[in-house]
Amino acid sequence: MFKHAQLESVKAWIGDPAHGAWPLHARLQRAIRQLILDGTLDRGRPLPASRALAKSLGVSRDTVESAYSQLHAEGFIERRVGSGSFVSAQAQRLPGRGKPQRTAVGRLAAPSLSQRGHAMLQGGGVRDFLMPRPFAPGVPETRSFPLPTWERLQRQVLKEHGTLALLHSPPQGMAPLRRAIADYINLERGARATPERVLVLTSSQQALTLCATVLLDAGERIFIEDPVYHGARKAFDAAGLACVPVPLDADGMQVDHLLAAAQVPGEAARVVFLTPSHQFPSGATLALDRRLAVIEWARQHQGWIIEDDYDSEFHYAGKPTACVQGLDPHERTIYIGTFTKSLFPGLRIGYMVLPEALVAPMTVARTLLDGHSAPIPQLTLARFIEGGHFGAHVRTMRAVYAERRDVLARLVRQHLADFVEPRVPTGGMQMPCVFIRDIPEHEAVESARRAGIDLLGLTALHASSRPAPGQARAGFLMGFAAHAPHELEVAVRKLADVLRALCR
Ligand SMILES: Cc1ncc(COP(=O)(O)O)c(C=O)c1O
């Protein structure tokens, strides 16, 4: 028989609301298992007869039988015909089980991680904004997404492919989607893509991680824009690459730095990361002579250009410049695209258009990250693009976002003119605003966050903490796409209060 305390402990475990989702026999089995693992029930100790235990607990004998059978099947107890059940000789007490190590102040003790693991944790990852609050950058408007159309196309996919759509996708992506992507970017972005060169991924973030690990070894140098997209920088840091910041001006990255570095032993790098259509965060467009110069650099030095074309669908003054990939006859450019902004972030579909020689290495490497992308969304998206819905959605949203950009620029000039100057972008979903007064950026971002407003500080996107003479850099990015004009107005007024309080 159980001692009184043991019986009470079993009763408490069974009655604990935290375990309420499990059936009674499973709760009883876990409660007894716990007593064994804690050492409360020693090896060889007899267990109560099932009828007696059922009576003491007020449960049916079947429930106890079922718990005992499971304990027996898992090796915790032995059952001997005629003499009953005993804690098995195999069952050992696990010292300190169930109690993760804590520090003196009760925090979880730091786990022992690799240096890379520590660096990733310290870096904080790429925080995506779950519920878009104003002015989370890069978040699209999803409330007006044509869900009925998406649902209809998904139903068609399931009807046509049946249970085949439940199987694995080829790791490179489903053929109809690769075809649709190639046709779209050839037409809209002036790319040179074929379906055979498209690798469908879950995001541009995944593309950046693949580039970082497949093209370079830890310790090797990579040229990055300064300031730079933090997601790229973190992917490169996590891969152990040495990021070499290259300054920008109004025409984008100063590519002559790459050419000069190539002449100095130890300063060259084989890869450059660029956001040429719409530099993140400044909004600059890489000038044509620099595009041609970077292509020539890549040809001469067998370098790679990583072109992150993350939001070029949204250009508000005529057509955006064609992508670098389409200008490059030497196949040194890797083009990265995403549907996070043009459709919706939950879709989790991004892609790369690769030089032929990189298709197999990148595809094989992606199988080690996540195998492949989910087939049903891929096939639905292919239909969405082929049926003209993607083009129509982008056109609608372009007009919506252009208006929101103008509204935000007006609101910033009206309500925040004492604190910041807006740098109104020609495209994209966010507006950089630089401080014109001495305002501590970190405090501004934190106070705004407490007031329900998300801002991305500009300073941390810069490589060095000291600005070049005459270069203003403190400020923030304000995303404007996800909120209607009246919502933008409420938030700007609130932000004005926050900044006013900081300046007092
Ligand atoms: C420059 C840049 N690249 C890529 C992304 C992210 O795209 P994805 O969700 O596909 O990783 C963002 C998102 O803010 C971005 O600003």
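What the table shows:
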read-out: Structure-based [θ]222 nm, the chain - -39500 (n - 2.57) summed over DSSP H runs of at least 4, per residue, nearest 500; value: -13000 deg cm²/dmol
read-out: Set of lysines near K234 by C-alpha distance (under 24 Å), chain-local residues within fewer than 8 positions excluded; value: K341
read-out: 5 Å binning of all Cα-Cα separations within the range 52-174, expressed as whole percents from 0 upward; value: 2, 7, 7, 7, 7, 8, 8, 9, 11, 13, 12, 7, 3, 1, 0
read-out: Proximal charge balance of S282 [Cβ under 13 Å; K/R count +1, D/E count -1]; value: -2
read-out: Residue-wise HN-Hα coupling along the range 236-253, computed from phi with Karplus coefficients 6.51, -1.76, 1.60 (Hz; x: Gly, Pro); value: 6, 4, 5, 7, x, 7, 8, 7, 10, x, 10, x, 10, 9, 5, 9, x, 4
read-out: Cβ-placed point charges (K, R +1; D, E -1), dipole of the chain about Cα centre in debye, nearest 20; value: 2220 debye
read-out: Simple label model, 7 Å out from Cα along Cβ direction - R80 to E386, nm; value: 7.0 nm
read-out: In order through the range 40-45: 3J(HN,Hα) via Karplus (6.51 cos²θ - 1.76 cosθ + 1.60), integer Hz, x for Gly, Pro; value: 5, 10, 6, 4, x, 5
read-out: If the convex hull is drawn through the Cα atoms of the range 289-331, its volume per residue in Å³; value: 73 Å³
read-out: Accessible surface of the range 146-388, 1.4 Å probe, proportion on carbon and sulfur as whole %; value: 58 percent
read-out: F129-V264 FRET efficiency (beta carbon distance; Förster radius 51 Å; 0.05 resolution); value: 0.80
read-out: Evaluated at q = 0.17, 0.20, 0.22 Å⁻¹: base-10 log I(q)/I(0), Debye formula over Cα of the range 108-204; value: -1.10, -1.14, -1.17
read-out: Using distinct alpha-carbon pairs, which all enter the 1/r mean, Kirkwood radius of the range 392-502 in Å; value: 14.5 Å
read-out: Relative contact order for the chain, counting Cα pairs under 8 Å that sit 6 or more residues apart, in percent; value: 16 percent
read-out: In Å, descending, principal axis extents of the Cα set of the range 262-382; value: 49, 39, 24
read-out: Folded to 0 to 90 degrees: helix 375-386 orientation relative to the chain principal axis, Cα; value: 30 degrees
read-out: Additional length obtainable on full extension of the chain from N186 to L108, 0.36 nm per residue less Cα span; value: 22.9 nm
read-out: Per residue value of the accessible surface for the range 69-165 (all protein chains in place, 1.4 Å probe), Å²; value: 74 Å²
read-out: Under 28 Å from K11, Cα to Cα: lysines that are on another chain or at least 8 residues apart; value: K3, K55, K99
read-out: Approximate shape of the range 17-73 as ellipsoid semi-axes (Cα gyration tensor, √5λ), whole Å, largest first; value: 17, 15, 10
read-out: Protein accessible area in the range 392-502, 1.4 Å probe - carbon and sulfur %; value: 50 percent
read-out: Inter-part distance where the range 163-189 and the range 210-254 are each reduced to a Cα centre, Å; value: 28 Å
read-out: The range 60-157: relative contact order in percent, alpha carbon pairs under 8 Å with at least 6 residues between; value: 10 percent
read-out: E65 paired with R155, simple spin-label distance in nm, labels 7 Å along Cα-to-beta-carbon; value: 4.9 nm
read-out: Cα gyration tensor shape for the range 332-382, rounded if a/c is under 1.5, else prolate or oblate; value: oblate
read-out: Aspartates and glutamates whose Cα lies under 12 Å from that of K319, excluding same-chain neighbours fewer than 8 positions away; value: E188
read-out: Long-range amide H partners of G475 with built H, under 5 Å; value: F435, L458, T459
read-out: Inter-part distance where the range 3-80 and the range 334-396 are each reduced to a Cα centre, Å; value: 51 Å
read-out: Square roots of five times the Cα gyration tensor eigenvalues for the range 146-388, Å; value: 32, 19, 15
read-out: From phi via Karplus (6.51, -1.76, 1.60), per-residue ³J(HN,Hα) for the range 353-366 in Hz, x at Gly/Pro; value: 10, 10, x, 3, 5, 9, 4, 5, x, 6, 5, 5, 4, 5
read-out: Under 5 Å, built H, 5+ apart or other chain: amide partners of R221; value: A242, R270
read-out: Charge sum, other residues only, whose C-beta stays under 14 Å from A212's C-beta, Lys/Arg counted +1 and Asp/Glu -1; value: +2
read-out: Kirkwood Rh and Cα Rg combined as Rg/Rh, the chain; value: 1.10
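The values are calculated or read from the model by the stated rules, or taken from the named source; none is laboratory data. Because the structure is predicted, anything quoted here is derived from the model rather than measured. Heads up, the Cβs are rebuilt from the backbone with ideal geometry, glycines too, and the neighbour counts pull from every protein chain shown. Note: areas computed on protein heavy atoms with side chains; ligands, DNA, RNA excluded. Shrake-Rupley method; radii C 1.70, N 1.55, O 1.52, S 1.80 Å.
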